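Peer 1: I'd like to ask you about the structure that follows.
The values are calculated or read from the model by the stated rules, or taken from the named source; none is laboratory data. Worth saying up front: this structure is predicted, and the values here are computed from it rather than measured. Here Cβ is always computed from backbone atoms with ideal geometry, including for glycine, and neighbour counts include all displayed protein chains.
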Amino acid sequence: MEALKQSVRKNIRSYAMLIALAGIWLAFSILCGPVFLSPGNLSNLFIQTVTVAIVACGMTLIIVTGNIDLSVGSVAGFAGAVAAVLQVRYGWGTAGAVLAAVAAGMAVGAWHGFWVAYKKVPAFIVTLASMLAFRGLILGVTGGATVSPLSGAFRAVGQNYLPDVFQHPGSFNGSALLLALAAIAVFMFFEARRRGERLRHGFEVPAPGLRAARLILVSAAIAGFFGILAFNKGVPYSLLLLIGIALLLSFTAERTVFGRRLYAIGGNSEAARLSGVNISANLMALFIIFGAIVSVAGVVLAARLNAATTSAGINMELDAIAACVIGGASLMGGVGTILGAIIGALIMSSLDNGMSLLNLDITYQYVIKGLILLCAVWMDISGREK
Amino acid sequence: MSYLLEVKDIVKDFPGVRALDGVSFGVNTGEIHALVGENGAGKSTLMKILSGVYPDGSYGGQVLVDGGEVRFDGIRAAERAGIAIIHQEFALVRQLSVAENILLGGELHSGGVIRREASLAEAEAALKLVGLEINPEIAVGRLGVGYQQLVEIAKALRKNVRVLILDEPTAALSEDESRNLLAIIKGLAARGVACIYISHRLGEVLELAHRITVLRDGRTVSTEEKTAMTEASIVTRMVGRELSGVFPEKESGTGNDLFEVSGWTAEDPASGMRVEDISFKVRRGEVLGIAGLVGSGRTELAMSLFGAWGPGLAGSVRLDGKELGITSPRDAIAAGLGLVSEDRKKFGLVLPSDITTNVTLASLDKVAARGVIDENAEILAAVSYIRDLKIKTPSPEQRAVNLSGGNQQKVVLSKWLMTAPRVLILDEPTRGIDIGAKFEIYGIIDRLARGGMGIIVISSELPEVLGLAHRILVMRSGRVSGELDGKTATQEKIMTLAACA
Ligand SMILES: Nc1ncnc2c1ncn2[C@@H]1O[C@H](COP(=O)(O)OP(=O)(O)OP(=O)(O)O)[C@@H](O)[C@H]1O
Ligand SMILES: [Mg+2]
């Protein structure tokens with residue numbers, strides 16, 4: 001019992017976010033009726049979340065180092081425009097166009113890294129400048145017009161689903177089922193291995209009851225997530241992309257030397273420097289990686305819309321930063337998790353989705369989102385003080 | 001008669017730790033009451049309750065002022081009741097000037113507009129109370145820790161205090177400054193201010209206090225008149241057993257030259273601090289002590305040798321006869337140097353991260369393969385230092401910010417021990433560390449030296465320098481003013497060399 005209390009207290013942060021998400025879903029399912037929780041709408045909601053969630057994953061690491069990136073909306077729009085223009089106007093293949101967009105994103109990241117890491121200009125200013133500049137460059141690249149249509153392969157990134165392995169004409173997607181089983185198996189395997197290693201070294205492990213609860217909850221979440229997709233059209237490629245990026249970045253954050261140094265830089269840059277961390281080089285690398293991530297989000301966005309528009313990505317930075325902060329990242333640096341950012345992104349897009357189902361006036365949509373962001377962070381801070 | 005300030009059965013829990021478990025004691029008007037105990041015994045936590053940092057409702061038990069129960073909902077409420085605290089970790093705004101810091105929260109103004117001249121005069125008056133003669137208009141961040149502490153005390157003195165709580169006020173001060181401060185405290189007590197004085201320096205405690213309360217593991221062990229106590233009896237009560245506080249026997253013959261600094265000059269144009277033309281050698285297995293007053297350039301010397309201090313370097317540094325071209329701490333670590341800096345919060349710890357992360361930060365290569373950290377290896381490393389240095393914590397996953405001051409210091413030390421340096425520079429290594437742990441650290445320094453490491457100990461505690469060092473370098477105004485043999489040196493000889501000529 002004591003152990004349970006402790007564990008709850010220790011993980012209260014992530015539970016609180018999940019509870020908030022559940023609360024929001026519950027509220028909308030009452031307000032909008034069953035349509036909100038239908039597999040069709042929820043899958044749709046997941047797809048809407050993807051671009052912001054991808055950006056938020058990377059943004060978490062930027063925020064962890066005590067920096068910020070306000071340019072992501074413009075840069076994502078720019079990368080999408082580059083890919084679309086290369087394809088539509090110059091006849092490039094999808095792979096080439098996408099790679100060019102990612103290369104452009106990395107170049108932008110290097111530009112930011114240069115100013116932030118080596119010239120010590122605050123990231124807020126550097127990326128504010130880029131936010132303006134790249135909004136302009138989008139107009140330059142596209143000539144101010146919407147660029148479409150994209151080829152089938154390009155659109156697939158944003159719109160298509162993993163083919164159904166079973167090909168049965170029913171209501172149910174077999175690939176999603178298989179993926180769910182595989183994900184649960186992998187999760188169980190890693191949990192068991194980690195537990196075994198900790199036991200072998202004589203470290204503390206969670207009590208059996210707690211462990212069972214955790215295994216069941218996570219497995220249920222995985223099953224529920226893929227179940228929703230299975231009862232709709234299956235697993236979208238874009239969602240797989242998000243999962244891949246999230247796993248990779250989580251691993252980077254938690255298990256790699258690079259990730260560890262990012263947390264140290266944000267937590268206390270002086271201590272990090274005196275411990276031999278090359279702050280400039282690490283920040284430079286991070287900004288380049290983040291540039292690639294943002295451009296991937298831009299490509300997915302263009303693919304989903306089947307077009308590059310001049311307004312693509314507007315306000316994306318705000319959604320992404322809000323997602324990170326709701327997810328527990330501290331703007332002071334040193335604290336934040338990738339999983340938190342994804343849940344935060346899901347909370348933000350659930351609000352968008354639910355409110356548009358309700359046909360709420362756009363005026364109120366902005367006001368409500370703003371207030372919820374404020375409340376979420378306030379609850380977090382007042383909870384932390386206790 | 002009731003006490004001016006009294007606490008009864010105070011209990012305070014943190015997640016996983018009971019920091020206080022039934023503490024009671026009282027303070028009279030004009031009394032200097034010392035509070036002693038090991039690192040993590042709960043002293044700072046208790047003082048934070050008294051001063052309203054932990055508000056009413058977050059702890060159990062009673063706080064009474066003049067015999068009536070009080071419930072502070074914040075620091076301001078405690079200040080209104082006349083209780084002010086000087087924290088173990090400084091609470092100054094680095095960017096603001098000395099004067100602005102002293103007047104912070106009690107600014108002199110007319111209609112919201114600061115009265116500049118009056119403020120400066122007031123700040124100067126407050127500075128005079130602590131014997132500090134500096135320009136009150138310079139930014140606090142540019143002062144060394146020693147001066148910052150005095151500014152902080154000046155700030156508290158300006159408020160109308162009935163009870164002044166000092167949490168290890170002399171930890172950062174030199175002998176001279178400490179004596180100055182002790183005199184100030186005695187003066188305050190004579191004027192009827194009650195002082196609660198926390199310190200690990202038992203000599204000071206016995207000199208200063210009227211009564212002494214000993215805490216152990218969050219409980220009151222005893223409160224007694226100073227006259228009934230000796231240093232040994234305090235220590236026995238603190239640790240619950242007898243402790244022989246003797247320095248390790250110095251090994252007589254040390255090895256050949258290991259580390260050589262010649263003509264070292266460094267200047268920081270921003271602060272105008274410089275060290276000039278410094279030359280010394282450290283032999284294998286030798287402990288070199290560096291003594292000097294606060295501001296004599298010892299920290300600047302250490303930081304500049306480590307590649308962590310301003311440009312404008314000249315001179316040469318050799319390890320094993322090979323010239324090192326150190327331009328960053330990274331180079332220094334790679335070359336085999338380590339530096340435990342004097343300010344653990346600013347330069348030592350990543351406060352939001354856990355103990356494990358902090359311990360391994362400077363030697364991640366040792367617990368990682370191809371850039372991926374081996375979690376278990378990392379925890380094992382942390383656990384071994386927690387054991388060796390007796391770091392008091394519920395788990396290696398405790399965040400550094402939640403540790404007591406002394407235990408934080410041990411975490412920083414662990415980090416540098418883990419890099420296994422060939423030359424280790426320790427800048428005030430036992431600041432804020434309890435007496436038991438101090439001798440553990442002396443033992444570790446001795447063991448490392450016997451293992452062939454070259455060690456440089458910068459310390460303002462003369463007995464520490466005298467007890468540890470084979471040779472002692474004394475600095476004055478950024479230069480070496482003399483060198484003494486560890487066997488024949490005395491406090492007087494050091495002070496003569498250190499004092500401004
Ligand atoms: N915010 C916190 N969260 C969790 N534990 C805490 C927190 N603050 C203090 N502790 C724990 O409470 C205990 C008492 O800490 P405290 O800082 O009062 O010790 P102390 O007697 O002042 O020690 P020192 O001499 O090292 O300064 C320690 O075990 C410490 O780890
Ligand atoms: Mg303390």
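Peer 1: Taking the criterion of being in contact with a helix residue (DSSP H, G or I) (Cβ under 8 Å, 6 or more places away or on another chain) and in a loop (DSSP other than H, G, I, E, B), would at least one residue in region B:434-455 satisfy it?
Peer 2: yes
Peer 1: Report whether or not B:Asn358 is modelled with pLDDT of 95 or more and facing another protein chain (nearest Cβ under 9 Å).
Peer 2: Details: modelled with pLDDT of 95 or more: yes; facing another protein chain (nearest Cβ under 9 Å): yes.
Criteria met by B:Asn358.
Peer 1: For the subset of region B:125-144 comprising residues that are charged (D, E, K, R) and either surrounded by 13 or more Cβ atoms within 10 Å (Cβ to Cβ) or more than 19 Å from B:Val93 (Cα to Cα) (or both), which member is nearest to the chain's Cα centre (by Cα)? Give the derivation first.
Peer 2: Here is the first cut: in region B:125-144, the residues charged (D, E, K, R) are B:128, B:133, B:137, B:142.
From what is left, the residues that are either surrounded by 13 or more Cβ atoms within 10 Å (Cβ to Cβ) or more than 19 Å from B:Val93 (Cα to Cα) (or both) are B:128, B:133, B:142.
On the way: B:Lys128: 24, B:Glu133: 23, B:Arg142: 18 Å.
Checking each candidate, the answer is B:Arg142.
Peer 1: Turning to a different aspect of this structure: Considering only region B:421-436, I want to know if a residue exists there that is within 14 Å of chain A (Cβ to nearest Cβ) and within 14 Å of ligand 1 (Cβ to nearest atom).
Peer 2: No, because not a single residue in region B:421-436 is within 14 Å of chain A (Cβ to nearest Cβ) and within 14 Å of ligand 1 (Cβ to nearest atom).
Peer 1: Also, I was wondering about something else. Here's a check for you: in region B:195-209, which residue that is out of contact with any Phe, Trp or Tyr (no Cβ under 9 Å at 6 or more places or on another chain) and farther than 19 Å from B:Val130 by Cβ is nearest to ligand 1 (Cβ to nearest atom)?
Peer 2: Per the stated criteria, the residue is B:His200.
Peer 1: Has region B:299-316 got at least one residue that is in a strand (DSSP E or B), touching a Lys or Arg at 6+ places or on another chain (Cβ under 9 Å) and either in contact (Cβ under 8 Å) with a residue 12 or more places away in the chain or at the interface with another protein chain (Cβ under 10 Å from one of its Cβ atoms) (or both)? Reasoning before the result, please.
Peer 2: Of the residues in region B:299-316, the ones in a strand (DSSP E or B) are B:313-316.
Add one more test, that the residue is touching a Lys or Arg at 6+ places or on another chain (Cβ under 9 Å), and what stays is none.
No, region B:299-316 contains no residue that is in a strand (DSSP E or B), touching a Lys or Arg at 6+ places or on another chain (Cβ under 9 Å) and either in contact (Cβ under 8 Å) with a residue 12 or more places away in the chain or at the interface with another protein chain (Cβ under 10 Å from one of its Cβ atoms) (or both).
Peer 1: To continue, here is another question. Restricting the search to region A:352-365, which residues are over 19 Å from A:Leu239 (Cα atoms), in a helix (DSSP H, G or I) and touching a residue at least 24 places away in the same chain (Cβ under 8 Å)? If you could, list the steps in order and put the result at the bottom.
Peer 2: Let us first name the residues in region A:352-365 that are over 19 Å from A:Leu239 (Cα atoms), namely A:354-365.
Then keep just the ones that are in a helix (DSSP H, G or I); that gives A:354-357, A:362-365.
Residues satisfying the conditions are A:Gly354, A:Leu357.
Peer 1: From (1) within 14 Å of another protein chain (Cβ to nearest Cβ); (2) over 19 Å from B:Ile333 (Cα atoms); (3) within 15 Å of ligand 2 (Cβ to nearest atom), pick out the condition that doesn't hold for B:Lys392.
Peer 2: (1)
Peer 1: Follow-up. Restricting to region A:181-198, give me the number of residues that are among the small types (Gly, Ala, Ser) and within 14 Å of chain B (Cβ to nearest Cβ). If you could, list the steps in order and put the result at the bottom.
Peer 2: The initial filter retains those residues of region A:181-198 that are among the small types (Gly, Ala, Ser), namely A:182-183, A:185, A:192, A:196.
Those still in the list that are within 14 Å of chain B (Cβ to nearest Cβ) too: A:196.
Residues in region A:181-198 being among the small types (Gly, Ala, Ser) and within 14 Å of chain B (Cβ to nearest Cβ): 1 in total.
Peer 1: Follow-up question, since we're still on this one. Suppose we filter region B:401-424 for residues that are within 16 Å of ligand 2 (Cβ to nearest atom) and outside any helix (DSSP H, G or I); how many remain?
Peer 2: Our first condition is that a residue be within 16 Å of ligand 2 (Cβ to nearest atom); within region B:401-424, this holds for B:401-412.
Narrowing further to those that are outside any helix (DSSP H, G or I): B:403-404.
So the answer is 2.
Peer 1: Now for a different question. State whether one or more residues within region B:40-57 are touching a strand residue (DSSP E or B) at 6+ places or on another chain (Cβ under 7 Å), at pLDDT below 95, at positive phi and within 12 Å of ligand 2 (Cβ to nearest atom).
Peer 2: Yes, region B:40-57 contains a residue that is touching a strand residue (DSSP E or B) at 6+ places or on another chain (Cβ under 7 Å), at pLDDT below 95, at positive phi and within 12 Å of ligand 2 (Cβ to nearest atom).
Peer 1: Could you pull out the residue among B:Thr254, B:Thr236 that is in contact with a His (Cβ under 9 Å, 6 or more places away or on another chain), more than 16 Å from ligand 1 (Cβ to nearest atom) and either away from every other protein chain (no Cβ under 14 Å) or at negative phi (or both)? Lay out the reasoning, then the answer.
Peer 2: Values: B:Thr236 fails: in contact with a His (Cβ under 9 Å, 6 or more places away or on another chain).
So the residue among B:Thr254, B:Thr236 that is in contact with a His (Cβ under 9 Å, 6 or more places away or on another chain), more than 16 Å from ligand 1 (Cβ to nearest atom) and either away from every other protein chain (no Cβ under 14 Å) or at negative phi (or both) is B:Thr254.
Peer 1: I've got another one for you. In region B:1-16, which residues are outside any strand (DSSP E or B), touching a residue at least 40 places away in the same chain (Cβ under 8 Å) and over 27 Å from the mean Cα position of the chain (by Cα)?
Peer 2: Step one: list which residues in region B:1-16 are outside any strand (DSSP E or B), which gives B:1-4, B:15-16.
Imposing the further condition that a residue be touching a residue at least 40 places away in the same chain (Cβ under 8 Å) reduces the set to B:2-4, B:16.
Within region B:1-16, B:Ser2, B:Tyr3, B:Leu4 meet the criteria.
Yes or no, residue by residue, for (1) modelled with pLDDT of 90 or more; (2) over 29 Å from B:Phe347 (Cβ atoms); (3) surrounded by fewer than 21 Cβ atoms within 10 Å (Cβ to Cβ); (4) not acidic (Asp, Glu):
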| position | (1), (2), (3), (4) |
| --- | --- |
| A:Val300 | yes, yes, no, yes |
| A:Ser330 | no, no, yes, yes |
| A:Ile338 | yes, yes, no, yes |
| A:Ile362 | no, yes, yes, yes |
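Peer 1: A further question on this structure: Can you find even one residue in region A:304-315 that is under 25 Å from A:Val88 (Cα atoms), within 16 Å of the chain's Cα centre (by Cα) and surrounded by 23 or more Cβ atoms within 10 Å (Cβ to Cβ)? Spell out the reasoning first.
Peer 2: Of region A:304-315, the ones under 25 Å from A:Val88 (Cα atoms) are A:304-314.
Right, trim to within 16 Å of the chain's Cα centre (by Cα) and you get A:313.
Next, only the ones that are surrounded by 23 or more Cβ atoms within 10 Å (Cβ to Cβ) stay: A:313.
Yes, the conditions are met somewhere in region A:304-315.
Peer 1: Mind counting the residues in region B:279-294 that are within 26 Å of the chain's Cα centre (by Cα) and either surrounded by fewer than 20 Cβ atoms within 10 Å (Cβ to Cβ) or modelled with pLDDT of 90 or more (or both)? Break it down into steps so the answer makes sense when it comes.
Peer 2: Our first condition is that a residue be within 26 Å of the chain's Cα centre (by Cα); within region B:279-294, this holds for B:282, B:286-294.
Then keep just the ones that are either surrounded by fewer than 20 Cβ atoms within 10 Å (Cβ to Cβ) or modelled with pLDDT of 90 or more (or both); that gives B:282, B:286-291.
Residues meeting the conditions: 7.
Peer 1: Of all residues in region B:365-384, which are away from ligand 1 (no atom under 16 Å from the Cβ) and in a helix (DSSP H, G or I)? Write out each step before concluding.
Peer 2: Our first condition is that a residue be away from ligand 1 (no atom under 16 Å from the Cβ); within region B:365-384, this holds for B:365-381, B:383-384.
Within region B:365-384, B:Asp365, B:Lys366, B:Val367, B:Glu375, B:Asn376, B:Ala377, B:Glu378, B:Ile379, B:Leu380, B:Ala381, B:Val383, B:Ser384 qualify.
Peer 1: Let me ask you something else. Do you know which residues across region B:395-420 are small (Gly, Ala, Ser), more than 11 Å from every other protein chain (Cβ to nearest Cβ) and more than 15 Å from B:Ala19 (Cα to Cα)?
Peer 2: Filtering region B:395-420 for residues small (Gly, Ala, Ser) gives B:395, B:400, B:404-406, B:414, B:420.
When the remaining residues are screened for being more than 11 Å from every other protein chain (Cβ to nearest Cβ), the result is B:404-406, B:414, B:420.
Result: B:Ser414, B:Ala420.
Peer 1: So which of B:Ile85, B:Ile102 is in a helix (DSSP H, G or I) and either within 16 Å of ligand 2 (Cβ to nearest atom) or in contact (Cβ under 8 Å) with a residue 12 or more places away in the chain (or both)?
Peer 2: Details: B:Ile85 fails: in a helix (DSSP H, G or I).
Exactly one of B:Ile85, B:Ile102 is in a helix (DSSP H, G or I) and either within 16 Å of ligand 2 (Cβ to nearest atom) or in contact (Cβ under 8 Å) with a residue 12 or more places away in the chain (or both), namely B:Ile102.
Peer 1: Just the residues that are part of a helix (DSSP H, G or I), without any contact (Cβ under 8 Å) to a residue 60 or more places away in the chain, farther than 13 Å from A:Ile62 by Cβ and not aliphatic (A, V, I, L, M), please, taken from region A:113-129.
Peer 2: Once the filter is applied, which keeps residues that are part of a helix (DSSP H, G or I), without any contact (Cβ under 8 Å) to a residue 60 or more places away in the chain, farther than 13 Å from A:Ile62 by Cβ and not aliphatic (A, V, I, L, M), region A:113-129 yields only A:Trp115.
Peer 1: Same structure again: Name, by its number, the condition in (1) modelled with pLDDT under 95; (2) in a helix (DSSP H, G or I) that does not hold for A:Ile289.
Peer 2: (1)
Peer 1: Next question. Just to check your reading of the model, which residue among A:Ile381, A:Ile368, A:Ile314, A:Ile347 is assigned to a helix (DSSP H, G or I) and in contact (Cβ under 8 Å) with a residue 24 or more places away in the chain?
Peer 2: Working: A:Ile381 fails: in contact (Cβ under 8 Å) with a residue 24 or more places away in the chain; A:Ile368 fails: in contact (Cβ under 8 Å) with a residue 24 or more places away in the chain; A:Ile314 fails: assigned to a helix (DSSP H, G or I).
A:Ile347 is the lone residue from the list that is assigned to a helix (DSSP H, G or I) and in contact (Cβ under 8 Å) with a residue 24 or more places away in the chain.
Peer 1: Working only within region B:324-346, note down all residues that are within 7 Å of another protein chain (Cβ to nearest Cβ) and either more than 22 Å from the chain's Cα centre (by Cα) or free of Cβ contacts under 8 Å to residues at least 24 places away in the same chain (or both).
Peer 2: Matches in region B:324-346: B:Pro329, B:Arg330, B:Ile333, B:Lys346.
Peer 1: Quick check: is even one residue across region A:297-310 within 14 Å of chain B (Cβ to nearest Cβ) and part of a helix (DSSP H, G or I)?
Peer 2: We begin by selecting, within region A:297-310, every residue within 14 Å of chain B (Cβ to nearest Cβ); these are none.
Among the residues of region A:297-310, not one is within 14 Å of chain B (Cβ to nearest Cβ) and part of a helix (DSSP H, G or I), which makes the answer no.
Peer 1: Residue check, B:Ala362 against (1) within 16 Å of ligand 1 (Cβ to nearest atom); (2) in contact (Cβ under 8 Å) with a residue 40 or more places away in the chain, all met but one. Which one?
Peer 2: Failing condition for B:Ala362: (1).
Peer 1: B:Gln398 fails exactly one of the following numbered conditions: (1) over 23 Å from B:Ala291 (Cβ atoms); (2) out of contact with any strand residue (DSSP E or B) (no Cβ under 9 Å at 6 or more places or on another chain); (3) within 16 Å of ligand 2 (Cβ to nearest atom). What is the number of that condition?
Peer 2: Result: B:Gln398 fails condition (2) only.
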